[in-house]
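Enquirer: Supplied in structure tokens, the structure appears directly below.
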2 protein chains.
Amino acid sequence: MAESSLLLALDYGGTKHTAALLIPGERAWLAHGRASSPPGADGAWDQAAMLSLARGLLARHPGRLAAIGVSFGGPVDAGRGVVRLSHHVPGWEETPLRDRLQTGLGAPVAVDNDANVAALGEWRFGAGQGCDSLLYITVSTGVGGGWVLGGRIWSGADGMAGEIGHNVVRPGGAPCVCGKAGCVEAEACGWGIAAKARARLGDDGRRTTDDGARLLALAGGRADGVTAQMVAQAAAEGDALAGALLDGAAEALGAGIGAALNLMNPQRVVLGGGITKSGERWWQLVRETARAHALPQTRAEIVPADLGDDAPLWGAAALAQSFMPSS
Amino acid sequence: MAESSLLLALDYGGTKHTAALLIPGERAWLAHGRASSPPGADGAWDQAAMLSLARGLLARHPGRLAAIGVSFGGPVDAGRGVVRLSHHVPGWEETPLRDRLQTGLGAPVAVDNDANVAALGEWRFGAGQGCDSLLYITVSTGVGGGWVLGGRIWSGADGMAGEIGHNVVRPGGAPCVCGKAGCVEAEACGWGIAAKARARLGDDGRRTTDDGARLLALAGGRADGVTAQMVAQAAAEGDALAGALLDGAAEALGAGIGAALNLMNPQRVVLGGGITKSGERWWQLVRETARAHALPQTRAEIVPADLGDDAPLWGAAALAQSFMPSS
């Protein structure tokens, strides 16, 4: 009997790295392993750790490694399989990750950045199943996005497609890390919501009206300890300041999505990340605002992601699967 | 010797209809013909006129009709080859144009809307040659747009992709025909520029400062006679009001383009339509504003269209060409 084929999915996630094996066409991992970078680790450390993880899995599960899919947490030139850099870990600059893995593990490799790969994961295994085109957005500390069009990742000419986070929805609004103001990210993501909350509560932590009192209590009385999660919780408990901040964040995201619907008319929009746990009112405002900004003939559904933090790993599996003749 | 193959390109342009024949792979028309709808013509008249034009061309140029490409000036369900409606001519609602032409002329047919087809025309024969992805925008009385991604039209799930004209760049700005305010179309296209100019000049046509005096003179002293072309001319002649209006229009378009670069990262943006004849300063402001809104890693060129009003007809030829085995 022929040796069975195996696919390897790798997720380089900043400081947490995951490798998983699966049999083509199956929807459960055969085995997986994780490694965390110690403080001060660099790109070389990450690469050695991942190779070791992968080889360990392969040693325990005999079979023919047919293909490898890779999600990388940073900008990637997917066409050449080269990591441009990591925003978190030094030493990744211009790393030919595809070729190194191909040499080290002896199978064909496809690499893309985590937002694109997560989009593919949701499309193939999660909330995007059965649709032809989707925009995936992760709304977390920051905002990331990726496109699947006609069943394939659309990376753009420079691997930058999906950067909805830096589209301006409130000109003159909150300052963004990109240097502009009023971007989706500054108005709608975790750091943006927290920054607004801190500014509104005042640096000294005092609050003279009822608005914000609940939020401030959740942060132990210290405005600079406020997080987006506390804003969502305080909003759910009736805090008016927190509610207004969360509403504004949902509307900013919805405006950005509405513009994306006009431009690309995807069939579905899949939203993941911690901020999407902010409750039914947040979802309602995102959907209503997107609809108000989009032309009525665009009919995209806006739905929650299915795969959570595993989306990049499942997407890496889908990338590997794309080498198989049956796919 | 085998009969030579012919391709037929059809452009249904509101009230002007064009049919053209070409030999696959060539860049010049073998023959073409035009028809104009009389007042009161409906979809049935247009269809009969175009069939008659096409049959006339085919009768004079013997050969085997291999394929037909069609540009239609209105919303189209490209997948089914069905015209949804015409905004200008009654009787087009849900017309199965692909099937009717296929039956009437005996060759395979591809149909899409004019902005998408013009995008394909510029990609194959005009300013988009040699690139993998482009956004085409026509900035004329209104704003239209179309995508070519990986060498194919991207129409979106409902045939609505490319509607950059209805993305909001100035919340609370000029009222748009779509019901929103501050859309690219209301801020940057011909009717939008003219409407702003008329409002600024005042309904009574009087103007107490030097600003706008030149513009008003061009309109024969009647503010309600001002057109976008007059605004461009007055701006070129130093009229401060006209200059400010044109600058604002260029910046609004640039902001819309910058957001599209972040979202899709196309390799090139091709701009056509009458407003793009507004001079070098207009182009400079469009490019600068787009760059300021886009992340620095997106490197799209923003270039003038090559094909002018013929872009839809050339795109229709490219659609027909896509049926040929060599393409």
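Where a number appears in this text, it was derived from the coordinates with a stated rule and is not lab data. Please read all numbers here as calculations on a predicted model, not as lab measurements. Backbone-built Cβ (ideal geometry, glycine too); neighbour counts: all protein chains shown.
Enquirer: Per-residue mean of other chain beta-carbon atoms within 10 angstrom of the beta-carbon, peptide B:97-110?
Expert: Other-chain Cβ atoms within 10 Å of each residue's Cβ, averaged: 0.
Enquirer: Still on this structure, I have one more. For the range A:29-41, take each phi angle, set θ = phi - 60°, evaluate the Karplus expression 6.51 cos²θ - 1.76 cosθ + 1.60, and give the result in whole Hz per residue in order, putting x for glycine and proline.
Expert: 6, 6, 6, 8, x, 10, 9, 10, 6, x, x, x, 5
Enquirer: Put +1 on the Cβ of every Lys and Arg and -1 on every Asp and Glu Cβ in chain B; which of B:GLY308, B:TRP283, B:ASN262 then has its Cα farthest towards the positive end of the dipole?
Expert: Checked the options; the winner is B:GLY308.
Enquirer: Something else: Evaluate peptide B:252-262: per residue, the Cβ atoms of other protein chains within 10 Å of its Cβ; return the mean as an integer.
Expert: Mean shielding by partner chains, rounded to a whole number: 5.
Enquirer: While we're looking at this one, here's another question. Under 25 Å from the Cα of B:LYS277, which lysines turn up, not counting those fewer than eight places away in the same chain?
Expert: Cα-Cα hits under 25 Å: B:LYS16, B:LYS196.
Enquirer: Which residues among the range B:273-313 fall inside the zone where the amide N is under 19 Å from a point 7 Å beyond the Cα of B:VAL177, along Cα→Cβ?
Expert: Inside the label zone: B:273-276, B:309, B:312.
Enquirer: Taking every alpha carbon pair in chain A, what does the distance histogram look like in 10 angstrom bins from 0, in percent?
Expert: Once binned at 10 Å, the Cα pair distances of chain A give 6, 25, 30, 23, 13, 3, 0, 0.
Enquirer: Add +1 for every Lys or Arg and -1 for every Asp or Glu among the other residues with Cβ under 10 Å from the Cβ of B:VAL269, and state the total.
Expert: Combined, the nearby Lys, Arg, Asp and Glu give +1.
Enquirer: Moving on. Please compute the length gained on full extension between A:ARG64 and A:ASP99, using 0.36 nm multiplied by the number of residues separating them and subtracting their Cα-Cα distance.
Expert: Using 0.36 nm per residue and subtracting the Cα-Cα distance, I get 10.7 nm.
Enquirer: Something else: Report, in debye and to the nearest 20, how large the dipole of the range B:164-304 comes out about its Cα centre when Lys and Arg carry +1 and Asp and Glu carry -1 on their Cβ.
Expert: 240
Enquirer: Now for a different question. Where a ≥ b ≥ c are the square roots of the eigenvalues of the C-alpha gyration tensor, would you call the protein assembly as shown rounded, which needs a/c under 1.5, or, failing that, prolate if a/b is larger than b/c, or oblate?
Expert: It comes out oblate by the Cα gyration axes.
Enquirer: Something else: Which percent of Cα-Cα pairs in the range A:164-304 sits in each 10 Å bin, short to long?
Expert: Pair shares across the bins are 13, 41, 32, 11, 3.
Enquirer: Dipole of the protein assembly as shown (Lys/Arg Cβ +1, Asp/Glu Cβ -1, origin at the Cα centre): which of B:ALA234, B:GLY172, B:MET50 lies farthest to the positive side?
Expert: Ranked along the dipole, the leading option is B:MET50.
Enquirer: Label-to-label distances across copies for A:ALA213, with labels 7 Å out along Cα→Cβ, in nm, shortest first?
Expert: Computed spacing set for this position: 6.4 nm.
Enquirer: Turning to a different aspect of this structure: Which order do A:SER36, A:SER140 fall in if you start with the one that has the fewest other Cβ atoms within 10 Å?
Expert: A:SER36, A:SER140
Enquirer: Right, here's the next one. For A:ARG124, B:ARG27, what's the fewest-to-most ordering of other Cβ within 10 Å of each Cβ?
Expert: B:ARG27, A:ARG124
Enquirer: Which whole-Hz ³J(HN,Hα) couplings does the range B:8-16 yield from phi under the Karplus relation 6.51 cos²θ - 1.76 cosθ + 1.60, θ = phi - 60°, glycine and proline marked x?
Expert: Each residue of the range B:8-16 in turn: 10, 10, 10, 10, 8, x, x, 10, 10 Hz.
Enquirer: Right, next: For B:ALA240, place a label point 7 Å out from Cα along the Cα→Cβ vector, do the same in each other copy, and report the separations in nm, one decimal, smallest first.
Expert: Output for B:ALA240: 4.5 nm, nearest copy listed first.
Enquirer: Per residue Cα convex hull volume for the range B:215-267, in cubic angstrom?
Expert: Expressed per residue, the convex hull around the Cα atoms of the range B:215-267 is 87 Å³.
Enquirer: Shortest first, in nm, what separates the label point of A:PRO171 from those of the same position in the other copies (7 Å along Cα→Cβ)?
Expert: List, nearest first: 1.3 nm.
Enquirer: Amide H of A:GLU237: which non-local residues (sequence gap of 5 or more, or other chain) have their own amide H closer than 5 Å, using H built in the peptide plane?
Expert: none
Enquirer: For the range A:54-72 and the range B:105-181, what is the separation of their Cα centres, given in Å?
Expert: Comparing the Cα centres of the range A:54-72 and the range B:105-181, I get a distance of 43 Å.
Enquirer: Using 0.36 nm times the number of residues separating B:ALA240 and B:GLN284, minus their current alpha carbon distance, what extension gain do you get?
Expert: 14.1 nm
Enquirer: Give me a single rounded figure for B:298-305: the average over its residues of other chain Cβ atoms within 10 Å of their Cβ.
Expert: 2
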